[in-house]
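First the structure, in the form of structure tokens, and then the observations on it.
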């Protein structure tokens, strides 16, 4: 972010907050200067929540409440709805991004494309599509599972896209409102 090699610094927590806000804003400003928008993906924020509410709050405080239009921060994690209080500094103005369901023909074509060539059968593709119910991320998860050696019986044991699986995938992505404004989402 600084354009220079990183070096270890020992900072107090308030100093760390100020430094991270400053560096992120500097990065955003550099992106504006060159006419670009930088995107930072922070995946698995729910794992910070697993270490405790305090850890999640401390991590969230490292992100500035607002940035110039040169930087977007995308936060992913399962069950973020359950941590809104801890994420209160980063969620105001955030939008949730969900993926639209694929139509049957598109889903089947994607399924066949994602499966390793030696694995593709009409029966397996139908089974995977029945489980994914048009959801592209879940379909990807299921095809990866098969490509790594899972059998049709293993796939049958996987839940269809509904309930907790649907909750997981549909509460996964949070984006700042600035991305919505910039991209027309």
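The values are calculated or read from the model by the stated rules, or taken from the named source; none is laboratory data. Values in this document were obtained by computation on a predicted structure and should not be read as measured data. Every residue, glycine as well, gets a Cβ built from its backbone with ideal geometry; the counts of neighbours run over all protein chains shown.
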Residue within segment 112-128 that is modelled with pLDDT of 80 or more and in contact with a strand residue (DSSP E or B) (Cβ under 8 Å, 6 or more places away or on another chain) present: no
Conditions (1) modelled with pLDDT under 70; (2) within 15 Å of the chain's Cα centre (by Cα); number of the one not met by residue 82: (2)
Boolean, residue 42 is modelled with pLDDT of 70 or more and on the phi < 0 side of the Ramachandran plot: yes
Segment 120-138, subset closer than 13 Å to residue 152 by Cα and surrounded by 17 or more Cβ atoms within 10 Å (Cβ to Cβ), residue farthest from the chain's Cα centre (by Cα): 124
Verdict on residue 32 being over 16 Å from residue 84 (Cα atoms), in the same structural domain as residue 84 (by TED's automatic domain parsing) and in contact with a strand residue (DSSP E or B) (Cβ under 6 Å, 6 or more places away or on another chain): no
